[in-house]
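Student: Mind looking over this structure? Questions follow.
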Amino acid sequence: MESIKLTDIECTDNRSMSGIEELAANIAAVGLIQPIVLAELEAGHYRLLAGRRRFRALQQLGRMELAPTEYCLYPTKCDFNFDMVAFCENFHRANLTLAEEVEQFNRLKTDKLTIKELAALLGKTPEYVALRLNLTNLTGRWKEVLDHSEEYPQWTPAKLEIIAKQPAAIQKEYEYWYSRSMTVKEINDSLSDGYAALKTAPFDITGCADCPKRSGAAELLFPELSKQGDTCLDRKCFEKKLLKVVRAEIDVIKKRLAADPDAEPFYLFYESHPDYGSEAYKLIEHIDSDFFFTREKKGKKENNAYCVWGKGAGTYCRVKPKGTHTRPLNPKKADGTPAAPASLTDETGKKVKTLADREAELLAKRTKLAVQKMIEFLEDEDDIALLKLRESRADNFQDVVLSLAYQFGTSSRNGYCSDIGKDYQKCCETIAGKLDAYLEHAWHSVSSSIVNRLYQEINTTLDRIDDKAARAFCEILNWNYDELFFNPAAEEIKPGKALLAARAAEAK
């Protein structure tokens, strides 16, 4: 073997070259202990496969060539993947960053090389390689965490691999986690709430077969879900389909009960709470939970209940109410006759609105608008609600505010100071000896609680809206609810043509 000029060696930097000066000093002192690995491209020209940092250190020392003892030649010429050889040479001993390792994996992954083949070359499991390759699916903030892993030491490869499994929308939803320190179990437990086993779906899952947002589309990434089978990773999509099926089934149940006045009481119930304000939440808002029922063995009796939400959503069972307050879909009077007439439907099954239905709809729309007006009144930036309360409760303003504050609690003041002493001093300057200032603060906290309660009353379907809470609060505050809110709402929402026609027909 002869010496090789450094200028005849092709060297491409594919990772950080930090610490070259220290390495050069070490080589100058003790020599090059580990030979550099080269591949001969053609006569007199070579490509460096392993030892880039050593090569750069020699250049820094001003070396012009490699002595025969300082290099070794890879035995094959030109008919192999140079990147593959270099990566496999360095994989187990090089201090690659996670981002560099992922980049190399993706450069090596080709149509001709399967994950299992790549894993065998590296001495790793196929799951390990698949999870590393999948880190390229990290988006947004999570991609930044991968690229700058030294700034986020709490996010180990195992944790980022869990995040990378999720659809982009889910990754976006949990981006606020990036600054937290969480265990693998905490991450898995939180994300598993968004999974749904497809075998439990009460709807046709044929269309899900080609969806990439399921565990079956990447089995190597989800070995922990193998026991429960193919799993949907997009809970919102799953719940949208589930809700459609449940609503349709409820309509079928209502029609069946309407056609059979003698049917035994039939109940709807739910097993778990959906997200507040969602369509599913509106569905279950006036339905009892399974806590109020005892499950019974079906036996010879027919099922008398339908689960609308939770693990058993879309399934029938037999139950027994624990108390008398639970109301079935088909309530009956003491004499056994239906408590209310069944809704009228046309030949297509569509509900036909009676005069009573239209009057109730008008009242509900006016009620909703009235409550919205009360909310706007309480949230007005000019504090008109506070001024009104001082006027309406002039004799006992302090007692009313303090009583409501005692009932609903008060929030801490806005702002935060790390110096507790200075923060306390500011509070003393603002409040000490100034009861009225505290009463204003207390009222703002109370009014926020009232607003939250009112929103709960109107965030539902029209047939379930009422203004009992709004009227109760107005009575406490000594406000005229009808004058301030309901009458203005009624002025804005006039009876529709269909209702006027129904009224005229009824009058005849």
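Student: Every residue in region 359-383 that is under 29 Å from Ala505 (Cα atoms) and open to solvent by 70 Å² or more (accessible area, probe 1.4 Å), please.
Tutor: Leu363, Lys365
Student: Taking the condition of being modelled with pLDDT of 85 or more and not hydroxyl-bearing (Ser, Thr, Tyr), how many residues in region 33-46 meet it?
Tutor: Going through region 33-46 one residue at a time, the tally reaches 1.
Student: Being open to solvent by 100 Å² or more (accessible area, probe 1.4 Å) and touching a residue at least 12 places away in the same chain (Cβ under 8 Å) is the filter; apply it to region 313-324 and report the residue that is farthest from Ala197 (Cα to Cα).
Tutor: In this case the residue turns out to be Lys322.
Student: Same structure again: Spot the failing condition for Arg53; the list is (1) out of contact with any Cys (no Cβ under 9 Å at 6 or more places or on another chain); (2) modelled with pLDDT of 85 or more; (3) of a type outside the set (Ser, Thr, Tyr), and only one is missed.
Tutor: (2)
Student: Which of the numbered conditions does Arg256 fail, given that it passes all the others? Conditions: (1) over 19 Å from Phe203 (Cα atoms); (2) touching a helix residue (DSSP H, G or I) at 6+ places or on another chain (Cβ under 8 Å); (3) of a type outside the set (Ser, Thr, Tyr).
Tutor: Condition not satisfied by Arg256: (2).
Student: Would you check which residues across region 245-259 are farther than 18 Å from Asp463 by Cβ and touching a strand residue (DSSP E or B) at 6+ places or on another chain (Cβ under 6 Å) and list them?
Tutor: none
Student: While we're looking at this one, here's another question. Looking only at region 59-84, filter to residues that are modelled with pLDDT under 60 and assigned to a helix (DSSP H, G or I); which one of those is surrounded by the fewest Cβ atoms within 10 Å (Cβ to Cβ)?
Tutor: Selected residue: Asp83.
Student: Within region 285-371, considering only strands (runs of 3 or more DSSP E) that don't extend past its boundaries, which have at least 2 residues that are aromatic (Phe, Trp, Tyr) and modelled with pLDDT of 75 or more?
Tutor: Result: 305-309.
Student: Taking the condition among the acidic types (Asp, Glu), at pLDDT 85 or above, in a helix (DSSP H, G or I) and over 27 Å from the mean Cα position of the chain (by Cα), does Glu264 pass?
Tutor: When the stated conditions are applied, Glu264 does not pass them.
Student: Does at least one position in region 408-416 carry a residue that is over 41 Å from the mean Cα position of the chain (by Cα) and of a type outside the set (Ser, Thr, Tyr)?
Tutor: Checking region 408-416: not a single residue is over 41 Å from the mean Cα position of the chain (by Cα) and of a type outside the set (Ser, Thr, Tyr).
Student: Considering region 241-259 alone, what residues qualify as being surrounded by fewer than 16 Cβ atoms within 10 Å (Cβ to Cβ) and among the basic types (Lys, Arg)?
Tutor: Matches in region 241-259: Lys244, Arg247, Lys255, Arg256.
Student: Is at least one residue of region 179-191 closer than 19 Å to Val245 by Cβ and surrounded by 12 or more Cβ atoms within 10 Å (Cβ to Cβ)?
Tutor: There is no residue in region 179-191 that is closer than 19 Å to Val245 by Cβ and surrounded by 12 or more Cβ atoms within 10 Å (Cβ to Cβ).
Per-residue answers, yes or no, for (1) of a type outside the set (A, V, I, L, M); (2) in contact with a helix residue (DSSP H, G or I) (Cβ under 7 Å, 6 or more places away or on another chain); (3) at positive phi; (4) at pLDDT 85 or above:
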| site | (1), (2), (3), (4) |
| --- | --- |
| Cys417 | yes, yes, no, no |
| Gly421 | yes, no, no, no |
| Leu439 | no, yes, no, yes |
| Ala442 | no, yes, no, yes |
| Ala469 | no, yes, no, yes |
| Leu477 | no, yes, no, yes |
| Glu483 | yes, no, no, yes |
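Student: For region 260-312: of the residues being aromatic (Phe, Trp, Tyr) and touching a strand residue (DSSP E or B) at 6+ places or on another chain (Cβ under 8 Å), which is most open to solvent (accessible area, probe 1.4 Å)?
Tutor: This residue is Phe292.
The values are calculated or read from the model by the stated rules, or taken from the named source; none is laboratory data. A quick note: this is a predicted structure, and the numbers were derived from the prediction, not measured. Here the Cβ is made from the backbone with ideal geometry for all residues, glycine too, and neighbour counts use every protein chain on show. Side chains are part of the model used for accessible areas, which takes the heavy atoms of the whole protein and leaves out ligands, DNA and RNA. Shrake-Rupley method; radii C 1.70, N 1.55, O 1.52, S 1.80 Å.
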